[in-house]
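A.B. asks: Dropping the structure in here first, questions after.
The values are calculated or read from the model by the stated rules, or taken from the named source; none is laboratory data. Being a predicted model, the structure only gives us computed values, none of them experimental. For neighbour counting, all protein chains shown are included, and Cβ atoms are generated from backbone atoms with ideal geometry for every residue, glycine included.
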Amino acid sequence: MTSPRYEDLEAADRAWSRGSPREAVERLDRIIRHSDDTDRRLRAVELLGEFGAAMRTGRRDIPSMADPGAEGTALTAVGVPVLIQALGDPDERIRLRACTALRMIGTLAAAAIPPLRALERASDPLLQTFAQRALRKIQPA
């Protein structure tokens, strides 16, 4: 049985798996923006990255999706903006995971290039490294 603490995360994962990416990403958006539970927020950021990686690599856990472009639309319209906002989160773990999630989404996260470039100049060397790794995947040479 699932802990009530994680039911909304599992609901987002189920929504993605059944071909409702917009619903999945919007659920994660609400968790990231409004939850006081850092562990839930961290997992929501991770799930956005996992969804992006699955879509980018062509892995299809979805039996049939009416709109094959819906995944990318949901990620670019909702997922990437919330991850960009997470780059400025006071919790370093959220910022680092947001960089990783954007890296996993890849070129669809192009809107994150300016804030990631700014993080390349951050005082934290680890954050600089994570931002640089994300940029290499989003804007390949």
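Every residue, every condition in (1) β-branched (Val, Ile, Thr); (2) farther than 19 Å from Leu47 by Cα, yes or no:
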| position | (1), (2) |
| --- | --- |
| Val78 | yes, no |
| Arg97 | no, no |
| Ile113 | yes, yes |
| Leu119 | no, yes |
| Phe130 | no, no |
| Leu135 | no, yes |
| Pro140 | no, yes |
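A.B. asks: I'm trying to understand the selection: among the residues of segment 1-50, which are among the small types (Gly, Ala, Ser) and within 17 Å of Arg93 (Cα to Cα)?
C.D. replies: Ser35, Ala44, Gly49
A.B. asks: With the condition kept exactly as written, say whether any residue in segment 84-92 is farther than 23 Å from Glu7 by Cβ, at pLDDT below 95 and surrounded by 15 or more Cβ atoms within 10 Å (Cβ to Cβ).
C.D. replies: no
A.B. asks: For segment 64-74, state whether one or more residues are at pLDDT below 85, at positive phi and not in a helix (DSSP H, G or I).
C.D. replies: No, because not a single residue in segment 64-74 is at pLDDT below 85, at positive phi and not in a helix (DSSP H, G or I).
A.B. asks: Only residues that are of a type outside the set (A, V, I, L, M) and either outside any helix (DSSP H, G or I) or at pLDDT below 95 (or both): list them for segment 93-113, please.
C.D. replies: Selection gives Gly106, Thr107.
A.B. asks: Filter segment 1-60 down to the residues that are part of a loop (DSSP other than H, G, I, E, B) and under 18 Å from Ala101 (Cα atoms) and list them by number.
C.D. replies: Scanning segment 1-60 gives Thr57, Gly58, Arg59.
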